[in-house]
Amino acid sequence: MTEVVMDTNFLLVPFQFKVDVFSELERLLDGQFTLVVPSCVVGELRGIARRPGRTGAAARFALKLLESKKEKAKRVESGLPVDDWLFEYAKQNRAVVCTNDRGLKRRLKAERLRVVGLRTKAKVGFV
């Protein structure tokens, strides 16, 4: 089964653009995936959630989404900075990475790893 790891910025998409990223992933991967939730991403979301405004609200919403998906998710401890951890994990496990970070996308593509990102303001897809 394919493992899918989400970057912090990708988890903010549901609130910011009203896109159901989990349904989109099920469409893209035929429902055959395991969500991997690294502790560094949860930590970043918790830090952002303390902020006022739309960004803080988006992070709080993302944390609630992750909580609702905990039965389908595998929690993983991570000790590296988020982008480095995502890159190394994807490289070692051939996981799909969901991100909108240009630099991270470039690194992942250079290693021929699969990357999912926001394609339009209404859909996600392989980039």
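No value in this document is a laboratory result; all are computed from the given coordinates. The shown structure was predicted, so the numbers you read here are calculated from the model rather than taken from an experiment. Here Cβ is always computed from backbone atoms with ideal geometry, including for glycine, and neighbour counts include all displayed protein chains.
Figures for the structure shown
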| item | result |
| --- | --- |
| Signed unit charges on C-beta, dipole axis of the chain, positive-most listed residue Pro14, Tyr89, Phe33 | Pro14 |
| Antiparallel bridges, percent of DSSP beta bridges restricted to the chain (to nearest 5) | 20 percent |
| Amide hydrogen neighbours beyond the local backbone of Val19, cut-off 5 Å, H modeled | none |
| Inter-site label distance for Lys69 and Leu29 at 7 Å from Cα along Cβ, in nm | 0.8 nm |
| Choice from Gly43, Gly56, Gly103 showing the highest fluctuation, given a GNM over the chain with Cα pairs closer than 10 Å | Gly103 |
| Globularity ratio of the stretch 58-127, using Cα Rg and 2.2 N^0.38 Å | 1.18 |
| Charge dipole (debye, nearest 20) of the stretch 26-70; +1 at Cβ of Lys and Arg, -1 at Cβ of Asp and Glu | 320 debye |
| Value at 222 nm in deg cm²/dmol, rounded to 500, when DSSP H runs of n ≥ 4 in the chain each add -39,500 (n - 2.57) | -14500 deg cm²/dmol |
| Given (i) 41; (ii) 19; (iii) 33, the label whose value is percent of Cα pairs over 24 Å apart derived from this model | (ii) |
| Backbone N within the stretch 14-43 under 19 Å of label point (7 Å from Ala57 Cα along the Cβ vector) | 14-21 |
| Charge tally in the Cβ shell below 15 Å around Ile48, where Lys, Arg are +1 and Asp, Glu are -1, Ile48 excluded | +3 |
